[in-house]
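Have a look at the structure below, then the notes.
Throughout, read-outs are computed from the coordinates displayed, never taken from laboratory work. All values derive from a computational prediction rather than experimental measurement.
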Amino acid sequence: MELHQNEPIASPPAGAVANGSEFGPQLNLFGIAQTELTSNDYYTPSWIFSELKITFDIDVASPPNGPPFTPCKKYFTQLDDGLIQPWTGTVFMNPPFSNPGMWVAKWLDHANGIALLPFSKSAWFDKLWDSEAAIVRLPWNLKFNDPKGGGGSIFLACLLAGLGETNIKALHNIGKVR
């Protein structure tokens with residue numbers, strides 16, 4: 001798998017906003033380089049991509065040095081702020097779990113990709129559940145790749161959601177799809 005970094009993107013002006021959604025305006029949350037690990041740094045396990053057998057056009061919420069496993073042609077890091085960038089083609093999204101609502105809204109609007117998300121008691125989850133997205137539950141003992149070298153887990157169960165015929169078909173390689 002060869003990864004290609006996206007072309008440099010100029011930082012948006014202060015106070016820039018992305019397209020609005022039913023969750024309200026999507027503020028420019030980042031626009032700065034990530035310099036240290038945070039509680040959101042849990043990387044998608046490589047086995048998921050091996051099972052999906054898809055190459056994505058964009059990883060919209062990539063780690064600072066690019067996605068370690070995501071088979072993608074382009075990626076956005078925190079500095080690029082994937083929320084304000086245009087998404088084209090098939091996207092992969094493993095957004096910051098601390099605040100996934102705006103990411104999920106944009107992903108639903110884009111309607112072509114696969115998202116790794118936690119099960120959650122929240123408004124964004126209700127919108128996801130009520131959408132046309134296909135959903136497959138991931139194993140209860142899912143281990144993320146921890147950038148510190150270990151395998152981390154979170155206290156919430158996780159899922160993959162897919163929109164678009166090819167993406168939904170790929171979810172069947174993981175398990176039972178709703």
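Put simply, the amide H of Ala157, placed in the peptide plane, has neighbours under 5 Å in Phe119, leaving out anything fewer than 5 places away on its chain.
Rounded to the nearest whole Hz, the Karplus-based 3J(HN,Hα) values (6.51 cos²θ - 1.76 cosθ + 1.60, θ = phi - 60°) of the stretch 170-176 follow the sequence 5, 4, 5, 6, 8, x, 5, with x at glycine and proline. For Lys106, a cut-off of 25 angstrom between C-alpha atoms picks up these lysines, skipping any fewer than 8 places away in its own chain: Lys53, Lys73, Lys74, Lys121, Lys127, Lys169. Under 5 Å between amide hydrogens, built in the peptide plane, is the criterion, and for Tyr75 it picks out Asn6, Asp59 among residues at least 5 positions away or on other chains.
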